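Here is the structure we will look at.
What follows is calculated from the coordinates using simple rules that are stated; it is not laboratory data. The structure presented is a predicted model; accordingly, all values stated were derived computationally and were not measured. Please note: Cβ atoms are built from the backbone with ideal geometry, for glycine as well, and neighbour counts cover all protein chains shown.
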Amino acid sequence: MAFNKIVARIVVVMALVVPLKSWAENNTPRNYEAHPDALALIDVMVSEHAFDRDALLEIFAEARYQDRIVQLMNKPAEGKPWKDYRPIFVTNKRANGGKAFMAEHRDTLLRAQEKFGVPAEIIVAIIGVETRYGKHAGRTRVLDALSTLAFDYPRRSVFFRKELKAFLQLTRDEQLDPASLTGSYAGAMGYGQFMPSSFLNYAIDFDDDGRRDIWHNPVDAIGSVANYFARHGWRSHEPVASKARFSGDGKSVTWVKGRKNLKPDYQLSELINLGLEPLAELNLDQSATPIRFTGVKGKEYWVGLHNFYVITRYNHSALYAMSVYQLSQKIAN
């Protein structure tokens with residue numbers, strides 16, 4: 001009798017364990033309608049932002065988990081050395097595309113330059129680096145990208161939950177279908193690849209048609225990029241960066257490293273005393289960032305100035321900012 005009870009208990013335990021194991025192995029999230037973190041976010045949006053709960057449940061029922069997005073997030077282009085990163089963005093083909101874009105939208109760019117103080121070639125270079133002038137703005141559904149990263153990418157889930165909340169707000173405010181908008185695998189959108197929070201804070205209606213359309217309207221996209229830089233402190237008629245020569249002890253300088261040390265915390269005169277001398281004639285009293293890249297021919301040295309730092313506010317990477325700057329120079333020339 002005792003033996004039969006033991007066997008019965010084993011059968012019951014196996015009946016419970018096997019389905020659970022099968023669920024864990026096979027139940028890849030199809031949507032986020034019942035995901036506990038999504039439900040928690042829905043509670044916040046309903047209580048703090050007056051969203052309709054049923055409408056949000058319908059939205060998250062359409063949101064799909066995308067493993068491809070997680071894989072791409074783990075292999076960013078900014079992980080490449082400068083010698084491999086630069087050829088992606090600073091090319092004759094992309095510069096020629098920028099010149100064509102500038103010619104096509106000359107009046108809008110001049111108006112943005114005059115109003116916001118941001119050079120037309122910088123605006124164009126941003127759009128060129130981000131989307132090849134609107135031709136490659138991304139085909140990933142933004143709802144899928146942000147839901148996947150908010151709920152199934154723990155390393156940056158806090159950031160992406162904020163972006164998902166901003167996305168829900170902007171689609172409601174702009175009367176857009178959340179499931180229809182596409183962008184990058186990280187949820188960036190439109191000509192200039194604005195994240196949702198950037199859209200809420202910096203996107204503008206630059207043609208006065210009553211809409212902020214950064215997806216299909218290059219006029220709004222140009223004005224929004226210029227506004228972004230102006231709001232982040234762009235200084236009109238000031239330089240961005242200068243190539244430099246270095247003759248000091250590399251350990252005595254705190255170089256840019258990845259996303260760290262981007263802020264210009266050195267006085268330029270201090271960097272010169274440490275052996276980093278800009279090749280351009282610059283005001284020695286201004287702040288600067290020491291930059292050391294691995295180039296095709298070895299080490300490259302640069303000093304990034306205030307406006308260089310402003311470009312890094314668009315994407316927190318010295319590689320990115322330098323690509324934008326160098327592409328802008330090729331476009332302007």
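Between the alpha-carbon centres of segment 92-117 and segment 137-193 there is a gap of 28 Å. Counting only residues at least eight positions apart within a chain, or on another chain, the lysines with an alpha carbon under 25 Å from that of Lys251 are Lys80, Lys83, Lys243, Lys260, Lys263, Lys297, Lys299. Each Lys and Arg Cβ is given +1 and each Asp and Glu Cβ -1; about its Cα centre, the chain then shows a dipole of about 1580 debye. The slack between Arg53 and Thr294, meaning 0.36 nm per residue of separation minus the straight C-alpha distance, is 81.6 nm. Counting charges near Lys251 (Lys, Arg +1; Asp, Glu -1) among other residues having Cβ under 15 Å from its Cβ returns a value of +2.
Candidates Leu57, Ile127, Phe246 compared by Cα position along the dipole of the chain: farthest toward the positive end lies Phe246, with charges placed on Cβ. Fully extending the segment from Gln267 to Lys75, taken as 0.36 nm per residue of separation minus the present Cα-Cα distance, adds 65.7 nm.
Taken as entire DSSP H runs, the helices of the chain that both span 30 Å or more between Cα atoms along their own long axis and average 0.5 or more on the Kyte-Doolittle scale are 2-26. The Cβ shell under 13 Å around Arg30 holds other residues with a net charge of -4, Lys and Arg each +1, Asp and Glu each -1. Taking Asp207, Asp173, Asp220 as the candidate residues, the one with maximal mean-square fluctuation in a Gaussian network model of the chain, Cα springs under 10 Å, is Asp173.
Computed from label points 7 Å out along Cα-Cβ, the spacing between Lys135 and Glu114 is 3.1 nm.
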